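J.: There's a structure below that I have some questions on.
The values are calculated or read from the model by the stated rules, or taken from the named source; none is laboratory data. Since we're looking at a predicted model, the values are computed, not measured. Ideal geometry is used to build each Cβ from the backbone, glycine not excepted, and the neighbour counts take in all protein chains shown. What goes into the accessible areas is simple: the full protein's heavy atoms, side chains included, and nothing from ligands, DNA or RNA. Shrake-Rupley method; radii C 1.70, N 1.55, O 1.52, S 1.80 Å.
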Amino acid sequence: MKSFSILILILAFVNLKSDSQSNDSLINAYNTKTIYRFGTRFMKGNDKLTFHDLKAQFNSPITMNLYYKSKNRSTISKVCNLASLTLVIVSAFTPTNTAGNIKFIAGTSILGLGGLYYHDLSSKFLDKAIWIHNKEALFNNH
């Protein structure tokens, strides 16, 4: 009777193991379908991706929306930074008094801070899109 019980338990465990997802398939999905971010560079498996390449990776409406929000905020950030740089160059060639210099410095600072703010927002939206993509890649493939 004891041997029969042990045999039934072994068969039950073998049956449970065969119905579950193997660890190898999860590791394979992790290594080939998830996106890694390294600063401004991205990797998916062995492929290097640019920011523009990420558009093709985001298939769900949520991730596409987050990608477009990130792209929009990145563009605003670049415009603010370019305007700030332009203001610095203009201030170098414009003869002004102290009040004029203070206005140039204030304008440059405000534009620079705006650029940082929108760059941070862009990064947050993109990080969330990548996180959702990776979650979908790992757990929605049955």
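J.: Order of 121-130, 102-111 by packing, highest average Cβ count within 10 Å first? Please report the intermediate quantities before stating the final value.
T.: Numbers: 121-130: 18.7, 102-111: 14.4.
Packing order, densest peptide first, comes out as 121-130, 102-111.
J.: While we're on this one: Relative contact order of segment 59-142: what whole-number percent is it, with Cα pairs under 8 angstrom and at least 6 residues apart? Can you show the working numbers first?
T.: Numbers: 63 pairs, mean separation 41.9, N = 84.
Over segment 59-142, the number comes to 50 percent.
J.: Once the piece of chain linking I110 and V79 is laid out straight, how much longer is it, given 0.36 nm per residue of separation minus the C-alpha distance between them?
T.: Details: separation 31, 0.36 × 31 = 11.16 nm, distance 1.27 nm.
Full extension of this stretch gives 9.9 nm more.
J.: Using modelled amide H (1.01 Å from N, peptide plane; none on Pro or chain starts), what sits under 5 Å from the amide H of T34, excluding residues fewer than 5 places away?
T.: For T34, whose amide H was placed from the backbone, the distant partners under 5 Å are G45.
J.: Still on this model: Suppose accessible area is computed on protein heavy atoms with a 1.4 Å probe; arrange T94, T75 from highest to lowest.
T.: On the way: T94 50, T75 75 Å².
Accessible-area ranking of T94, T75, largest first: T75, T94.
J.: Take the Cα coordinates of segment 23-98, assign each an equal point scatterer, and use the Debye formula without solvent to give log10 I(q)/I(0) at q = 0.19, 0.28 Å⁻¹.
T.: The calculated log intensity ratios at q = 0.19, 0.28 Å⁻¹ are -0.90, -1.24.
J.: Just subtract the alpha-carbon distance of T32 and I102 from 0.36 nm times their residue separation and send over the number in nm, one decimal. Please report the intermediate quantities before stating the final value.
T.: Working: separation 70, 0.36 × 70 = 25.20 nm, distance 5.33 nm.
Gain on stretching T32 to I102: 19.9 nm.
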